[in-house]
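I have placed the structure first, in the form of structure tokens, so that the comments after it can refer back to it.
The values are calculated or read from the model by the stated rules, or taken from the named source; none is laboratory data. Just so we're clear, the structure is a prediction, and the values are computed from it rather than from any experiment. Cβ placement follows ideal geometry from the backbone for every residue including glycine, while neighbour counts extend to all protein chains displayed.
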Amino acid sequence: MKLILIDDSINDIKMMLSYICKNEKIIVDYYTDCSKVPFNDINCYDAILLDIDMPNENGISYAKRLRKTYHDIPIVFISWHSSYEHESFQVHPFMFIYKENFQKEIIICMNELKIRQEKMDKIFEYKDIKLRLNDILYFRAEKNDCNIVMNNKKNICIRIPLEKIEKMQLSGFVRINKSMIINMYKIVKWCKYQEIEIINGEFLKISRGRKDYVKSEYENFLLEDSLYECI
């Protein structure tokens, strides 16, 4: 697992690294200023640990900028002050950790991140095709074929009925209409008029008969992924 840690206090960074790096499988790149973070490389990391009270740009402001480009990366806020917790909900944090309880809470956080990573690393496999679920935006039926729309904009067409994919019960995926199964990790916003927006800017239509089912599945998904917010 590879993490970014951003905190303006070197002493706090040393304290946190002493607990995080007990696990040799965790790599941490740390910065004392948000402006020094390689913004275009955020996708190389599995999560961001972000202090809130920083002088040049506070953590919540930086997280809002992140969310405009990186909608699904887990953000873990860390702070000495509980008063920031409510405000942090604006950017759907994965977790909020109090520094005074860091030793205990970081263990819980790492375990939850590991579970999430295992889900994200699961594979869609069919014949000679192997794809990480996290790289898939959605499956779209086109006559007798299925078009797999990917994060990297390179679509893959395979001959398989959408019903067969639905029966695979892929983790984090839900069928929203007769021709489409989407990755719920890629949802940015639940819109009016039975539409959802996903991370590439597309708006996808939910069929009227599936609206309640999809909403229920998405709420359950958010609860399980510790990102719940009422729609």
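Taking the listed residues Glu87, Glu57, the one that is among the acidic types (Asp, Glu) and out of contact with any Asp or Glu (no Cβ under 9 Å at 6 or more places or on another chain) is Glu87, with no other qualifying.
Taking the condition of being in a helix (DSSP H, G or I), under 21 Å from Tyr62 (Cβ atoms) and modelled with pLDDT under 85, how many residues in segment 92-121 meet it? Selection size over segment 92-121: 0.
For the structure I just gave you, tell me whether Ile108 is on the phi < 0 side of the Ramachandran plot and in contact with a helix residue (DSSP H, G or I) (Cβ under 6 Å, 6 or more places away or on another chain). Considered against the rule, which asks whether it is on the phi < 0 side of the Ramachandran plot and in contact with a helix residue (DSSP H, G or I) (Cβ under 6 Å, 6 or more places away or on another chain), Ile108 comes out as no. Condition first: buried (at least 19 other Cβ atoms within 10 Å of the Cβ) and free of Cβ contacts under 8 Å to residues at least 24 places away in the same chain. Now tell me which residues in segment 59-96 satisfy that. Passing the criteria: only Phe96. Among the residues here, Lys154 qualifies as farther than 25 Å from Ser216 by Cβ and in a loop (DSSP other than H, G, I, E, B).
Residue count for segment 122-151, restricted to those that are part of a strand (DSSP E or B) and either in contact with a strand residue (DSSP E or B) (Cβ under 7 Å, 6 or more places away or on another chain) or touching a residue at least 12 places away in the same chain (Cβ under 8 Å) (or both): 20.
Any chance you could count how many residues in segment 201-228 are within 14 Å of the chain's Cα centre (by Cα) and either at pLDDT 80 or above or not small (Gly, Ala, Ser) (or both)?
8
From the list Asn151, Asn183, Asn177, the one residue that fits, being surrounded by 14 or more Cβ atoms within 10 Å (Cβ to Cβ), over 25 Å from Lys127 (Cβ atoms) and not aromatic (Phe, Trp, Tyr), is Asn177. Residues that are farther than 18 Å from Ile73 by Cβ and in contact with a strand residue (DSSP E or B) (Cβ under 7 Å, 6 or more places away or on another chain) were ranked within segment 13-30; the one that is surrounded by the most Cβ atoms within 10 Å (Cβ to Cβ) is Met16.
Which of the residues belonging to segment 31-58 are of a type in the set (Gly, Ala, Ser) and either surrounded by 17 or more Cβ atoms within 10 Å (Cβ to Cβ) or not assigned by TED's automatic domain parsing to the domain that holds Ile73 (or both)? Correct list: Ala47 only. Somewhere in segment 12-22, is a residue among the hydroxyl-bearing types (Ser, Thr, Tyr) and outside any loop (DSSP other than H, G, I, E, B)? Yes.
Picking from residues in segment 45-91 that are β-branched (Val, Ile, Thr) and in a loop (DSSP other than H, G, I, E, B), the one that is modelled with the lowest pLDDT is Ile73.
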